[in-house]
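Student: Here's a structure for you.
The values are calculated or read from the model by the stated rules, or taken from the named source; none is laboratory data. Values in this document were obtained by computation on a predicted structure and should not be read as measured data. Neighbour counts run over all protein chains shown; Cβ positions are idealised from the backbone, glycine included. Heads up: the accessible areas ignore ligands, DNA and RNA and are worked out on the full protein's heavy atoms, side chains in. Shrake-Rupley method; radii C 1.70, N 1.55, O 1.52, S 1.80 Å.
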Amino acid sequence: MHPMLTIATRAARAAGQTIMRAYTELDRVEVSAKGINDFVTSVDKEAEATITYQIRKSYPDHTIVGEEDGENRGTNKDYVWIVDPLDGTNNFVRGIPHFAVSIAVQYKGVIEVAVVYDPVREELFSAVRGKGAKLNDFRMRVTNVNELDNTIIGTGFPFKARQHTESYMNILAELFPQCADLRRAGSAALDLAYVAAGRLDGYFEIGLKPWDIAAGDLICREAGGTVTDFTGGHNYMASGNIVAGSPKVTSSLVKLMRPLLNEGLKR
């Protein structure tokens, strides 16, 4: 096993234990707003501290970028760990058992290692660049479909970017008659992992952050998927607008969406 994958896995599982302990006592979890429709809990912070501790034990000089603590700069800036300690906080707070820990390792701007861990189902999605993707110990591949007919497409409402509501609803209206069904589960990291595992045929969302998608991006691509922004380019880590799926599904989604985008979504 890749040594950094070993540490990422250990950190994700340790954070998962922290999260699941709190999940049994949700009435004791402290919740505060950090923005419009954007919440953070004491568990997010504790899980991120757990991950940072595990990384620092083995790689004290690496830089860590976390959702809650921001950039924890190390002397070695070539290696950057991108961490979302609890992706799906709103689900967690409401007791909905669908959330994950997301950890990616970037070397000189390229993601090399990725882990998405679902502590409820004890499912570990992982990838090393050039080595494929796995769910626990089994190889994963995206579905082999060539058109949108009979597909299940994952998505997320732009609840933090409501200026795009009209364009998003236009996309849904165009897409819904062409696919079998849509899913909105509340964790971008797991949506991308589910595309990699063949549970979803495709996925798109507006306005995400790098820590939401860094790990899922590599896992999806290593499982044979294609990941783009809404125009078919590769600016999704910057724009936060992402489309993923089997190659033909991603292409079909981009083709369908392109005429419906407002100017803000074309960047």
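Student: Just for region 103-118: of the residues that are aliphatic (A, V, I, L, M) and under 16 Å from the mean Cα position of the chain (by Cα), which one is surrounded by the fewest Cβ atoms within 10 Å (Cβ to Cβ)? Reasoning before the result, please.
Tutor: Initial filter on region 103-118 (aliphatic (A, V, I, L, M)): 103-105, 110-111, 113-116.
If we keep only those that are under 16 Å from the mean Cα position of the chain (by Cα) too, we end up with 103-105, 111, 113-116.
Numbers: Ile103: 32, Ala104: 28, Val105: 28, Ile111: 22, Val113: 25, Ala114: 32, Val115: 28, Val116: 31.
Once the filter is applied, the top-ranked residue is Ile111.
Student: So, in region 241-267, exactly how many residues are more than 26 Å from Asp149 (Cα to Cα) and outside any loop (DSSP other than H, G, I, E, B)?
Tutor: Within region 241-267, residues that are more than 26 Å from Asp149 (Cα to Cα) and outside any loop (DSSP other than H, G, I, E, B) number 2.
Student: One residue is enough: does region 93-102 have a residue meeting the conditions under 17 Å from the mean Cα position of the chain (by Cα), surrounded by fewer than 23 Cβ atoms within 10 Å (Cβ to Cβ) and at pLDDT 95 or above? Spell out how you get there, then give the answer.
Tutor: Going through region 93-102, the residues under 17 Å from the mean Cα position of the chain (by Cα) turn out to be 97-102.
Checking which are surrounded by fewer than 23 Cβ atoms within 10 Å (Cβ to Cβ) leaves us with 97-98.
Filter once more, keeping what is at pLDDT 95 or above: 97-98.
Yes, the conditions are met somewhere in region 93-102.
Student: Taking only region 171-185 into account, find how many residues are surrounded by 13 or more Cβ atoms within 10 Å (Cβ to Cβ) and touching a residue at least 24 places away in the same chain (Cβ under 8 Å).
Tutor: Pass one, region 171-185, residues surrounded by 13 or more Cβ atoms within 10 Å (Cβ to Cβ): 171-172, 174-175, 178-179, 182-183, 185.
Filter again for touching a residue at least 24 places away in the same chain (Cβ under 8 Å), leaving 171, 174-175, 178-179, 182-183, 185.
Number satisfying all stated conditions: 8.
Student: Of the conditions (1) more than 20 Å from the chain's Cα centre (by Cα); (2) at pLDDT below 95; (3) not aliphatic (A, V, I, L, M), Thr151 satisfies every one except a single condition; which number is it?
Tutor: All conditions pass for Thr151, except number (2).
Student: Moving on to the next point. Looking at Phe39, is it at pLDDT below 95, buried (at least 19 other Cβ atoms within 10 Å of the Cβ) and either outside any strand (DSSP E or B) or of a type in the set (A, V, I, L, M, F, W, C) (or both)? Let's see the steps before the verdict.
Tutor: Working: at pLDDT below 95: yes; buried (at least 19 other Cβ atoms within 10 Å of the Cβ): no; either outside any strand (DSSP E or B) or of a type in the set (A, V, I, L, M, F, W, C) (or both): yes.
Against the criterion (at pLDDT below 95, buried (at least 19 other Cβ atoms within 10 Å of the Cβ) and either outside any strand (DSSP E or B) or of a type in the set (A, V, I, L, M, F, W, C) (or both)), Phe39 does not qualify.
Student: For region 14-31, give me each residue that is among the hydrophobic types (A, V, I, L, M, F, W, C) and either over 20 Å from the mean Cα position of the chain (by Cα) or outside any helix (DSSP H, G or I) (or both). Lay out the reasoning, then the answer.
Tutor: Step one: of region 14-31, the residues among the hydrophobic types (A, V, I, L, M, F, W, C) are 14-15, 19-20, 22, 26, 29, 31.
Once the filter is applied, which keeps residues that are among the hydrophobic types (A, V, I, L, M, F, W, C) and either over 20 Å from the mean Cα position of the chain (by Cα) or outside any helix (DSSP H, G or I) (or both), region 14-31 yields Ala22, Leu26, Val29, Val31.
Student: Then there is this: Residues in region 138-155 that are in contact with a strand residue (DSSP E or B) (Cβ under 9 Å, 6 or more places away or on another chain) and over 16 Å from Cys179 (Cβ atoms): how many? Walk me through it before giving the result.
Tutor: Kept after step one, since they are in contact with a strand residue (DSSP E or B) (Cβ under 9 Å, 6 or more places away or on another chain), are these residues of region 138-155: 139-143, 145, 148, 151-155.
From what is left, the residues that are over 16 Å from Cys179 (Cβ atoms) are 139-141.
The number of residues fulfilling the criteria is 3.
Student: Could you identify the single residue in Ala189, Ala238, Ala215, Ala193 that is part of a helix (DSSP H, G or I), open to solvent by 10 Å² or more (accessible area, probe 1.4 Å) and within 19 Å of Ser102 (Cα to Cα)?
Tutor: Values: Ala189 fails: open to solvent by 10 Å² or more (accessible area, probe 1.4 Å); Ala215 fails: open to solvent by 10 Å² or more (accessible area, probe 1.4 Å); Ala193 fails: open to solvent by 10 Å² or more (accessible area, probe 1.4 Å).
Among Ala189, Ala238, Ala215, Ala193, only Ala238 is part of a helix (DSSP H, G or I), open to solvent by 10 Å² or more (accessible area, probe 1.4 Å) and within 19 Å of Ser102 (Cα to Cα).
Student: Mind counting the residues in region 55-69 that are within 27 Å of Ala22 (Cβ to Cβ) and open to solvent by 30 Å² or more (accessible area, probe 1.4 Å)?
Tutor: Qualifying residue count for the region: 8.
Student: Quick one: which residue in Thr52, Thr75, Thr18 is loosely packed, with under 12 Cβ neighbours inside 10 Å and free of Cβ contacts under 8 Å to residues at least 40 places away in the same chain?
Tutor: Working: Thr52 fails: loosely packed, with under 12 Cβ neighbours inside 10 Å; Thr18 fails: loosely packed, with under 12 Cβ neighbours inside 10 Å.
The unique qualifying residue is Thr75.
Student: While we're on this one: Kindly indicate which of Leu124, Leu135, Leu86 is surrounded by 18 or more Cβ atoms within 10 Å (Cβ to Cβ) and over 30 Å from Val31 (Cβ atoms). Break it down into steps so the answer makes sense when it comes.
Tutor: Numbers: Leu124 fails: over 30 Å from Val31 (Cβ atoms); Leu86 fails: over 30 Å from Val31 (Cβ atoms).
Only one candidate passes the filter, namely Leu135.
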